Every structure is written in structure tokens, then in C-alpha cells.
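Everything on this sheet refers to the single structure shown next.
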Amino acid sequence: MARKKTYGEKIADHIAAVVQARNIEHILHFTLLENLPGILRNGLLSRAILQDADYDVFASDVDRLDGEDGAISMSISCFYPKMFEAKRYRSGNAPWVILAFDPSLLWTHHCLFYRNGASTNATKYEHGKRYGGFALERLFDDCSMMMDPRGTGFREAHGLPTGWPTFPDAEVQVMNPVHPDYLLGAWVETPEIGDHVRKAFDASGRDQCDVVVQPFVPRICSKPYWWG
């Protein structure tokens, strides 16, 4: 007789099914380039854990806007240009890197899913569970007719691929450390930074990781929304 799946296993299966149906290929995390060596050794860690790190860590902001120091902020398939540009502006001329991770972390880790950024008013007044397959599916819900007066469907009107969230500030909060084995590659802006990242990947035994060099500009621009 087959063993019944646990509640946690059923949730994981549902999330995996959504990822497959949506053809989600990457989970993104942007960070200062200076943090790459620590990430390659120790993976992605929350602020709460990094407070006791025995290596240099460079924070993009003094505090998290949502106050969730135990969470790691990531995004599905694309990044939020407005937030990224603000962080880059505050960091001066410091180089950045956008890291791509395997989407399986969405079901192997405890994740919370937000249709809009976790610190936004839209999220503050939104109800419902943040975890599980149904919460993940809500990130791809089409908008109401009020936001779609043409009746064509918000996602279709803005040309969103199936694996891109409806709102550009959609966020995933990962509540566990993410091992560097989940890393698939990096997106950087210049060939010089690309060479640096390539050498870092190779030196850490991650020669299978890809490096993409292209500007950090929105890949879909459909005013008033931009998806990076």
C-alpha cells in the first residue's frame, strides 16, 4: 500500500505543478557584486543570519522596508526595475549582479508569495494565505476589468509571458538559506564584470553556470508598467 503524502509534500507537488505549467525557468536575486564570493561559498542567507557572518557582507540598504530580516527577497522570471534602480542609485558606482536560481527552490524551501511587494499598501490590505500553490498561482492572475477597460486581458495587453508575474513588483520571500547549488547563472552589464563573474564561477567549481552580459533595462515596457 502506497504511503499517503504529507500535507507539506502535497503543497510542494502543487507548487512544482504550477512552475511546470507556467514554464518558470529562473528565480532572480539582485545583489552588489562584492557579495558574490560569500554567496558562492555559503549561498543566499537572510539578514538575520548574516549579522553573525564571519565574512564581509555589503547591504544595499540599512534596513528592509518590510522589516522581515529573516527572509530572502527574490522574484520570478523578472525583476522590479523601479526598486532595482533606486538601490543602484543609492550605492553610487558600485557594480551589481542579478543571479538566477533554479525554480525548484520554490517547492524545496518555505516560500511566501506576494502579488505586490511585501512592503506595499496593496499587500498590507490583502488577505489570504501567502504560501502554497494557490498563493503562487495568484501572482499570475489577470487584473479586474477596472484595470483592463479594453477587455483584452491585462496580461495579453502587456505581452506578458506565461512565467512572468502580472505585477512587476511581485515578490517571493524565501524563509530558508538557499544553497549555492541552486545557482544557474548571472546577468551583468559589462564584459569586464562578466569576466570577473566567470572567473569566480570557475574558481568555485561552478563552470556550468552561465553569464549573460546585457544592460539592466526593462525587457517589457508597457506604460505605466515595466518588467525587468
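The values are calculated or read from the model by the stated rules, or taken from the named source; none is laboratory data. Please read these numbers as outputs of a predicted model, since none were measured by experiment. For neighbour counting, all protein chains shown are included, and Cβ atoms are generated from backbone atoms with ideal geometry for every residue, glycine included. Keep in mind that these areas ignore ligands, DNA and RNA; they rest on the heavy atoms of the full protein, side chains included. Shrake-Rupley method; radii C 1.70, N 1.55, O 1.52, S 1.80 Å.
Which residue is farthest from F30 (Cα to Cα), if the candidates are limited to region 217-228 and must be in a loop (DSSP other than H, G, I, E, B) and in contact with a strand residue (DSSP E or B) (Cβ under 7 Å, 6 or more places away or on another chain)? Show your work before the answer.
Of all residues in region 217-228, those in a loop (DSSP other than H, G, I, E, B) come to 217-219, 223-224, 228.
With the extra rule that they be in contact with a strand residue (DSSP E or B) (Cβ under 7 Å, 6 or more places away or on another chain), the set shrinks to 218-219.
Numbers: P218: 14, R219: 16 Å.
Within region 217-228, the match that is farthest from F30 (Cα to Cα) is R219.
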Since Y225 meets every condition but one in (1) modelled with pLDDT under 95; (2) more than 25 Å from A71 (Cβ to Cβ), which condition does it not meet?
-> (2)
Which of the residues spanning region 149-164 are out of contact with any Lys or Arg (no Cβ under 9 Å at 6 or more places or on another chain), within 12 Å of I220 (Cα to Cα) and crowded, with 18+ Cβ neighbours inside 10 Å?
-> R155, H158, L160
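Taking region 165-203 as the search range and keeping residues that are in a helix (DSSP H, G or I) and among the hydrophobic types (A, V, I, L, M, F, W, C), which one is surrounded by the most Cβ atoms within 10 Å (Cβ to Cβ)? Reasoning before the result, please.
Kept after step one, since they are in a helix (DSSP H, G or I), are these residues of region 165-203: 180-182, 191-203.
Checking which are among the hydrophobic types (A, V, I, L, M, F, W, C) leaves us with 193, 197, 200-201, 203.
Working: I193: 17, V197: 24, A200: 19, F201: 20, A203: 11.
The extreme case among them is V197.
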Residues that are open to solvent by 60 Å² or more (accessible area, probe 1.4 Å) and among the β-branched types (V, I, T), drawn from region 204-228 = V212, V213, V217
Considering only region 83-98, how many residues are exposed (fewer than 15 other Cβ atoms within 10 Å of the Cβ) and in contact with a strand residue (DSSP E or B) (Cβ under 7 Å, 6 or more places away or on another chain)?
-> 1
Looking only at region 115-158, and only at residues there that are assigned to a loop (DSSP other than H, G, I, E, B) and of a type in the set (S, T, Y), the one that is modelled with the lowest pLDDT | Y125
Give the residues of region 162-186 that are in contact with a strand residue (DSSP E or B) (Cβ under 7 Å, 6 or more places away or on another chain) and of a type in the set (D, E, K, R), sorted by residue number.
-> E171
Just one of (1) among the hydroxyl-bearing types (S, T, Y); (2) under 23 Å from V188 (Cβ atoms); (3) open to solvent by 40 Å² or more (accessible area, probe 1.4 Å) trips up Y7, so point out which.
-> (2)
